[in-house]
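The values are calculated or read from the model by the stated rules, or taken from the named source; none is laboratory data. Because the structure is a prediction, the values reported are computed rather than measured. Counting neighbours? That spans all protein chains shown, and the Cβs are built from the backbone with ideal geometry, glycine included.
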């Protein structure tokens, strides 16, 4: 059984004029355990909405979405939250670090929603990310690359089976993109996690052995702007 299995997945949103716009209409998509796949797609094509559906952040209008054998569409909101905390890791483009908490505290807070905070494991992850001397720094005291590494550590803190990454190098300086992506992929392999990454950057996509075109797999019409 695939780690992720999508069938007839649809999601639409109301536009300003009251009409409904289909953003995601994916007939079929699968991802195997420990696989690393990139989805190619320009801004506004629905790929972020697709990731939010896979993560259980959004609920689809219809279709089937199975993660690690669990049918997300059949779960309550609290059950989806629990599954997300224990099975999924998410690296957001804007990192979504809490500004009032240190690097270590951001990772520990992420762990608190899963099996529980483990200070030694959180420290070890941050050290693996090259942040041994930044444990007690706040996000504002870090470069974009360092913030990204904290976000990756937080995403992996609960040992997820699937890591979702939404344009994770979008806020990085071009010369750091390759190294940052290599680190994400290496740490996912070390933790036995599958990786599903979305990007429009050809340099990022060129580093993946398996790339799927989201425009091809998504039959929904492209909106002028993808809903947040």
I need the full set of residues from region 38-68 which are in contact with a strand residue (DSSP E or B) (Cβ under 7 Å, 6 or more places away or on another chain) and in a helix (DSSP H, G or I), in order please. 47, 48, 49, 50, 51, 53, 54, 55
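To keep it simple, each residue is scored yes or no on (1) over 14 Å from the mean Cα position of the chain (by Cα); (2) at positive phi; (3) modelled with pLDDT of 95 or more.
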position	(1), (2), (3)
15	yes, no, no
18	yes, yes, no
22	yes, no, no
25	yes, no, yes
37	no, no, yes
47	no, no, no
54	no, no, yes
62	yes, no, yes
77	yes, no, no
Evaluate region 94-106: report whether one residue or more is modelled with pLDDT of 90 or more, assigned to a helix (DSSP H, G or I) and surrounded by fewer than 20 Cβ atoms within 10 Å (Cβ to Cβ). yes
Give the residues of region 180-210 that are farther than 27 Å from residue 44 by Cα and part of a helix (DSSP H, G or I), sorted by residue number. 183, 186, 187, 188, 189, 190
Need the failing condition index for residue 30 against (1) touching a strand residue (DSSP E or B) at 6+ places or on another chain (Cβ under 9 Å); (2) free of Cβ contacts under 8 Å to residues at least 40 places away in the same chain; (3) surrounded by fewer than 21 Cβ atoms within 10 Å (Cβ to Cβ); (4) over 26 Å from residue 202 (Cα atoms), just the number. (4)
Filter region 59-85 for residues that are in contact with a helix residue (DSSP H, G or I) (Cβ under 9 Å, 6 or more places away or on another chain), over 26 Å from residue 185 (Cα atoms) and in contact (Cβ under 8 Å) with a residue 24 or more places away in the chain and give the result. 60, 62, 63, 64
So if I check each of 182, 193, 224, which one is at pLDDT below 90 and under 17 Å from residue 149 (Cα atoms)? 182
Looking at region 166-188, which of its residues are crowded, with 16+ Cβ neighbours inside 10 Å and within 27 Å of residue 119 (Cβ to Cβ)? 168, 180, 183, 184, 185, 187, 188
Look through 152, 163 and report the one residue that is buried (at least 21 other Cβ atoms within 10 Å of the Cβ), outside any helix (DSSP H, G or I) and in contact with a strand residue (DSSP E or B) (Cβ under 9 Å, 6 or more places away or on another chain). 163
